[in-house]
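The next block holds one structure in the form of structure tokens; read it before the comments.
We did not get these values from a lab; they are worked out from the coordinates using the rules stated. Nothing here was measured: the structure is a model prediction, and the numbers come from that model. Virtual Cβ from ideal backbone geometry, glycine too; neighbours counted across all protein chains shown.
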Amino acid sequence: MIIAWFSCGVTSAVACKIALSLYENVQLYYIETGSGHPDNTRFLADCEKWYNQPIHIIRSDKYSCVSDVLRKGYINGAHGAACTLELKKKVRYKLEKELGSWDGQVWGFDYDPKEINRAIRLKQQYPNTKPVFPLIEKQITKPDAMRICNNCRFAKNISHDQIGTLASYARKFQKCLESCRDVVIILFMKDSHT
């Protein structure tokens, strides 16, 4: 079984779609933090139709939203942001414990230097998650993911200005991407074949 993490963003939406095309048994999960954009519900429902499969919604048993966590007394601590820990990581850990085993977890990190570094850190810090990064492996950037979703005619309303700004940002890092592409692809392909 493959776990695919859906976050109501275009990159995770495309990563989940790719996972469904590559693997037999994919379970889609969305962690509800109680603090998402009001349009998330529509986007999630549209993606369920696109995938022809439900997205399981899971949430914290202890906190309903960010403000509940902030009442705890700190925003950021030695182990990172309290909201991320309580509303996302602990929810993920609980699901992993309930499931017991999986063949991989799909993440929507896109082909961008910052996201590639996040992916490397995740693989180092949480190797047991068996992380898979289809957007990085296929060199799909966030603007690419936006275009893919826009072509499906249901994506969040993304203006041409936003796409242009993000495309400009992606071009700015193109040289860096080209210089590290082969190393990154080898790193991810090596781990996916072991």
**Report entry** Gap separating the Cα centres of region 97-156 and region 5-69, nearest whole Å
**Finding:** 13
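When Lys and Arg each count +1 and Asp and Glu each count -1, what net charge do the other residues less than 10 Å away from V14, Cβ to Cβ, add up to?
With Lys, Arg at +1 and Asp, Glu at -1, the net is +2.
May I ask for the net charge around K94, where only other residues with Cβ less than 15 Å from the Cβ of K94 are counted and Lys, Arg are +1 while Asp, Glu are -1?
+2
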Report summary line: Taking placed amide H atoms and a strict 5 Å upper bound, the residues 5 or more places from V26 or on another chain that come that close are I2
Report task. For V132, enumerate residues with amide H under 5 Å from its amide H, sequence gap 5+ or separate chain, H modeled in the peptide plane. Result -> Q105, V106, W107
Query raised in the report: Expressed in nm to one decimal, what extension gain is obtained for the pair Y23 and N150 from 0.36 nm per residue of sequence separation less their Cα-Cα distance?
Result: 43.3 nm
**Report entry** 20 Å cut-off, amide nitrogen to a point 7 angstrom out along S101 Cα→Cβ, residues in region 10-40
**Finding:** 23-28
Report summary line: A chain fully extended from E48 to R121 at 0.36 nm per residue, minus the present Cα-Cα distance, gains in nm 23.3 nm
Query raised in the report: Semi-axes of region 3-48's equivalent ellipsoid from the Cα gyration tensor, sqrt of 5 times each eigenvalue, largest first, rounded to whole Å?
Result: 20, 10, 8
